[in-house]
Amino acid sequence: MLQPISVSITMDAASFHKFRSFDLFRHQKRWRRPLAFTAILLVFSCICLSQVGVREGAALLAVVLAVVALGLPAVYFYTFFRDLRTTIKKLGLPRPFYRLRFDDAGLAVWMAGEQDRPEPSHQYPWQDLHIAYRTPDAVYLYVQQTQAYLVNDSQDAVWTFLSSTLPAARLRDLR
């Protein structure tokens, strides 16, 4: 039987920014499609360049393909980071987000404003948790593929607890 751990999470702008970037690029691996798109269009651009002097308009098409290949992914990433800055401003960070309790039964979550209630807002048994990541700055605990909780305080204690509770296949130490 493990000693329960209770952690109140206050989210600041830097923590939220790191988490959202981690979620999009590392967990969801959303950098793959823009990279594949860029690679494909650059290959076609190179093919067009090989036809300069042989086919009319090959140079223009090569330039257009290269600009689109580099421009659209740049717009994608720019939009993500711009929207992230807007979201951070709207959230009014730093502020309390939730309280987490880790015990033998699983993870219990009290959302901000409900942290004094006896019953948690959400409960997740350990067998239902998706995956946990440990980074140098935080622990990201995914209760589902698309829903996670960030732990930016008492990380060592939480990671030790998770290591003794979850199977190794669901733990990723990225430090």
Legend entry - Residues located in segment 151-170, provided they are crowded, with 16+ Cβ neighbours inside 10 Å and among the aliphatic types (A, V, I, L, M): VAL151, VAL158, LEU162, LEU166
Inset, instruction - Quick one: count up the residues across segment 50-65 that are surrounded by 14 or more Cβ atoms within 10 Å (Cβ to Cβ) and assigned to a helix (DSSP H, G or I). - result: 6
Legend entry - Counted residues, segment 9-41 - those being open to solvent by less than 60 Å² (accessible area, probe 1.4 Å) and either basic (Lys, Arg) or over 18 Å from the mean Cα position of the chain (by Cα) (or both): 4
Legend entry - Inter-residue pairs, beta-carbon under 8 Å, first assigned by the TED database to the domain that holds ALA169 and in segment 127-152, second outside any strand (DSSP E or B) and of a type in the set (Gly, Ala, Ser), 6+ apart: ASP137/SER15; ALA138/SER15; LEU150/SER15; LEU150/ALA138; VAL151/ALA138; ASN152/SER15; ASN152/ALA138
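So that you can scan it fast, the table gives a plain yes or no per residue for (1) within 26 Å of GLN145 (Cα to Cα); (2) charged (D, E, K, R):
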site: PHE16; (1), (2): yes, no
site: ARG26; (1), (2): yes, yes
site: LEU42; (1), (2): no, no
site: GLN51; (1), (2): no, no
Legend entry - Condition check for THR79: open to solvent by less than 90 Å² (accessible area, probe 1.4 Å), touching a Lys or Arg at 6+ places or on another chain (Cβ under 9 Å) and of a type in the set (S, T, N, Q): no
Inset, instruction - Could you grab me the full set of residues in segment 145-175 that are among the polar types (S, T, N, Q), out of contact with any Phe, Trp or Tyr (no Cβ under 9 Å at 6 or more places or on another chain) and under 17 Å from ALA105 (Cα atoms)? - result: THR160, SER163, SER164
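Listed here are the residues, each with its yes/no results for (1) in contact (Cβ under 8 Å) with a residue 24 or more places away in the chain; (2) part of a strand (DSSP E or B); (3) not assigned by the TED database to the domain that holds GLN127.
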{"position": "LYS29", "(1), (2), (3)": "no, no, yes"}
{"position": "PRO34", "(1), (2), (3)": "yes, no, yes"}
{"position": "CYS48", "(1), (2), (3)": "no, no, yes"}
{"position": "VAL67", "(1), (2), (3)": "no, no, yes"}
{"position": "TYR76", "(1), (2), (3)": "yes, no, yes"}
{"position": "PHE81", "(1), (2), (3)": "no, no, yes"}
{"position": "ARG99", "(1), (2), (3)": "yes, yes, no"}
Inset, instruction - Select, from PHE44, PHE102, the only residue that is closer than 27 Å to ALA168 by Cβ, among the aromatic types (Phe, Trp, Tyr) and modelled with pLDDT of 95 or more. - result: PHE102
Inset, instruction - Answer with yes or no whether ALA148 is among the aliphatic types (A, V, I, L, M), open to solvent by less than 40 Å² (accessible area, probe 1.4 Å), in contact with a helix residue (DSSP H, G or I) (Cβ under 7 Å, 6 or more places away or on another chain) and not in a helix (DSSP H, G or I). - result: yes
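The values are calculated or read from the model by the stated rules, or taken from the named source; none is laboratory data. Source: prediction; values computed, not measured. Glycine gets a Cβ as well: all are built from the backbone with ideal geometry, and neighbour counts include every protein chain shown. Quick note on the areas: whole protein, heavy atoms, side chains included, nothing else; ligands and nucleic acids left out. Shrake-Rupley method; radii C 1.70, N 1.55, O 1.52, S 1.80 Å.
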